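The values are calculated or read from the model by the stated rules, or taken from the named source; none is laboratory data. Computed from a prediction, not measured in an experiment: that's the story for all the values here. When we count neighbours, we look across all protein chains shown, and the Cβ atoms used for this are built from the backbone with ideal geometry, even at glycine. Note: areas computed on protein heavy atoms with side chains; ligands, DNA, RNA excluded. Shrake-Rupley method; radii C 1.70, N 1.55, O 1.52, S 1.80 Å.
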Amino acid sequence: MATIAKKHEMMPASALKPRAARMPFWLQVTTLTWRTLVVNFRVPAAVLPSIVISAFFLLVYQATLGDAAAFLPGLSGKSYLGFILPLSIVSSALSGAGVAGQSIVRDIENGYFSKLQLTPMSRWALLLGPMLGGAIVLVIQTLAVLSMGLLLGLQSATGIWGILGVVGYALLLGVGFSGFTVGIALMSGSAAATSGASFAFFPLSFLTATFVPLNLLSGWIKVAATYNPITYILDAMRALLLNKSPSLEVLTGGLLACAVLGVSLFAFALWSLGVRTRRR
């Protein structure tokens, strides 16, 4: 026994750590992201409704407002479909953001999340995995909406690069919204509360330059739209689809808005994780 104890003392500290402790941070995040995707794609009902809703609204917008570009200042000669399609992407983000939160709720209910907390896994990875999974789901939904738009006659002024840029903004937007639902899931542990919280951001899609450019708004709605980060994300997406030479200022504004949403809502999720940990 003394010999065994002596050998144990001579072993380096790194060799005594659990194997999971040596897992690189990026591998922790990608593993949890993959798990989130697998779990959600086993239940198509968690993904399909938001795609159907977004496609439906796009059809309605195009049918009722498709000729609006002819008389709206700033849109003359441009496609109103390209102007309104980013709104369908934002709507998809709002309705589909609950995917990440619901994944957390399921893990809390079956006890798996408590087991993860007992491992040496990074607390940031516990949050970023589901958040990135939710964002990737939004990218898939965005591709479906863009495909519908192309079938309706959408032509990107910046070609394939503009479409890829729109997908990139959707990814960043998805990370932000997913952080909010993850935070609510951690605080409540309730599927109903998490699902309901997804609609808390829904007014943001209407307190912005929804159907007309920002400079055509007036009064309190213009003030609200000016301070609404969704406005700048919509402007960036629209610039990529409608302008051959998008303004760098507009594109940067969209990135900054995504960053503000992403950082603030991740901080909220991190705080919620701390609250849940202290309860235990």
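Residue count for region 64-92 under the criterion of being part of a helix (DSSP H, G or I), open to solvent by less than 70 Å² (accessible area, probe 1.4 Å) and modelled with pLDDT under 75: the result is 2. If the Cβ limit is 6 Å and pairs must be 6+ apart or interchain, which residue in region 30-42 that is under 17 Å from ILE108 (Cα atoms) pairs with which residue that is open to solvent by 50 Å² or more (accessible area, probe 1.4 Å) and in a helix (DSSP H, G or I)? Listed by first residue and then by second, the contacts come to THR33/LEU132. Looking at the structure I just gave you, is ALA45 at pLDDT below 80, loosely packed, with under 14 Cβ neighbours inside 10 Å and not in a loop (DSSP other than H, G, I, E, B)? It is true that ALA45 is at pLDDT below 80, loosely packed, with under 14 Cβ neighbours inside 10 Å and not in a loop (DSSP other than H, G, I, E, B). Within region 221-251, the residues that satisfy the criterion of being open to solvent by 60 Å² or more (accessible area, probe 1.4 Å), under 21 Å from THR158 (Cα atoms) and either out of contact with any Cys (no Cβ under 9 Å at 6 or more places or on another chain) or touching a residue at least 40 places away in the same chain (Cβ under 8 Å) (or both) are LYS244, SER245, LEU248, GLU249.
Of the set (1) open to solvent by 10 Å² or more (accessible area, probe 1.4 Å); (2) modelled with pLDDT of 80 or more; (3) over 26 Å from PHE180 (Cβ atoms), all apply to TYR61 but (3).
Counting only helices (runs of 4 or more DSSP H) wholly contained in region 116-213, the ones carrying 3 or more residues that are surrounded by 24 or more Cβ atoms within 10 Å (Cβ to Cβ) and modelled with pLDDT under 90 occupy 123-151, 159-188.
Counting only residues that are under 15 Å from LYS78 (Cβ atoms) and among the basic types (Lys, Arg), region 234-280 holds 2 of them. What's the number of the condition ILE160 fails, among (1) within 27 Å of MET237 (Cα to Cα); (2) in contact with a Pro (Cβ under 9 Å, 6 or more places away or on another chain)? Only one criterion is unmet by ILE160, namely (2).
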